[in-house]
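The values are calculated or read from the model by the stated rules, or taken from the named source; none is laboratory data. Remember, predicted model here, so these are calculated numbers, not experimental data. Neighbour counts are summed over all protein chains in view; Cβ atoms, including those assigned to glycine, are modelled from backbone coordinates with ideal geometry.
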Ligand code: 6PG
């Protein structure tokens with residue numbers, strides 16, 4: 001069994017809608033309690049539908065964007081207008097459509113040298129995220145904590161540069177010490193290409209650096225895995 005709760009939705013659309021509702025509820029509760037909501041966003045492809053839904057007319061007024069601060073869990077070592085930029089993906093899907101002040105957008109400067117970018121970003125971070133959104137790759141990586149690199153073993157620094165041999169490129173990533181301080185963590189996983197890795201993650205009883213996603217275990221927060229039926233399709237056979 002995975003750590004935390006698991007929720008499975010029949011379709012990707014239902015998964016995305018449920019994740020948007022949970023986002024709104026968590027951020028709303030943070031704003032009520034502390035006046036601000038701090039969220040670390042996932043990159044990659046899967047969360048784009050979520051960001052677009054949050055930006056839609058139906059959803060965007062349900063978040064007090066003026067007191068929301070957005071961060072990124074990881075970034076590729078590219079400028080912000082590059083097709084691989086996680087910032088650009090979120091900008092197009094969400095930022096351009098919601099009234100969030102520029103000062104509340106805390107992107108990782110992928111155009112700088114990775115050491116400078118990591119160092120600068122560490123200074124922008126606050127103690128705890130209200131919500132961390134994560135995805136899982138087919139090799140079990142999450143954010144840019146890839147198996148076979150030192151990144152999943154980092155115990156002290158909140159942000160590090162990491163060379164990812166699988167992609168032959170550098171990335172900048174937040175690390176487990178900060179992810180595991182979050183008040184809420186959501187893994188968003190969709191599609192049949194995620195079925196096999198979800199089976200492996202679910203079978204893995206103990207956290208392991210070989211499947212870095214299994215190392216995400218908030219010390220004092222809630223963890224939920226949100227899947228569509230395709231991503232969950234091999235779980236019954238495990
Ligand atoms: C990135 C990510 C990464 C992602 C997984 C899953 O920058 O690529 O933050 O960790 O979440 O690779 O990506 P998909 O959901 O697109 O498969």
Go through segment 30-69 residue by residue and tally those that are more than 15 Å from the ligand (Cβ to nearest atom) and over 16 Å from residue 88 (Cβ atoms). 25
Residue 200 - would you say it is under 30 Å from residue 10 (Cβ atoms), part of a helix (DSSP H, G or I), modelled with pLDDT of 95 or more and away from the ligand (no atom under 12 Å from the Cβ)? yes
So residue 178, is it buried (at least 19 other Cβ atoms within 10 Å of the Cβ), more than 14 Å from the ligand (Cβ to nearest atom), assigned to a helix (DSSP H, G or I) and touching a residue at least 40 places away in the same chain (Cβ under 8 Å): yes
With the requirement that a residue be out of contact with any helix residue (DSSP H, G or I) (no Cβ under 7 Å at 6 or more places or on another chain) and part of a loop (DSSP other than H, G, I, E, B), what does segment 55-81 give you? 56, 61, 73, 78, 79
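Condition first: away from the ligand (no atom under 12 Å from the Cβ) and surrounded by 21 or more Cβ atoms within 10 Å (Cβ to Cβ). Now tell me which residues in segment 72-87 satisfy that.
Quick first cut of segment 72-87, residues away from the ligand (no atom under 12 Å from the Cβ) only: 79-83.
Those that are away from the ligand (no atom under 12 Å from the Cβ) and surrounded by 21 or more Cβ atoms within 10 Å (Cβ to Cβ): none in segment 72-87.
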If you check residue 194 against the conditions, is it surrounded by fewer than 24 Cβ atoms within 10 Å (Cβ to Cβ) and more than 14 Å from the ligand (Cβ to nearest atom)? no
Residues of segment 127-170 being within 11 Å of the ligand (Cβ to nearest atom), over 18 Å from residue 187 (Cα atoms) and assigned to a loop (DSSP other than H, G, I, E, B), which ones? 166, 167
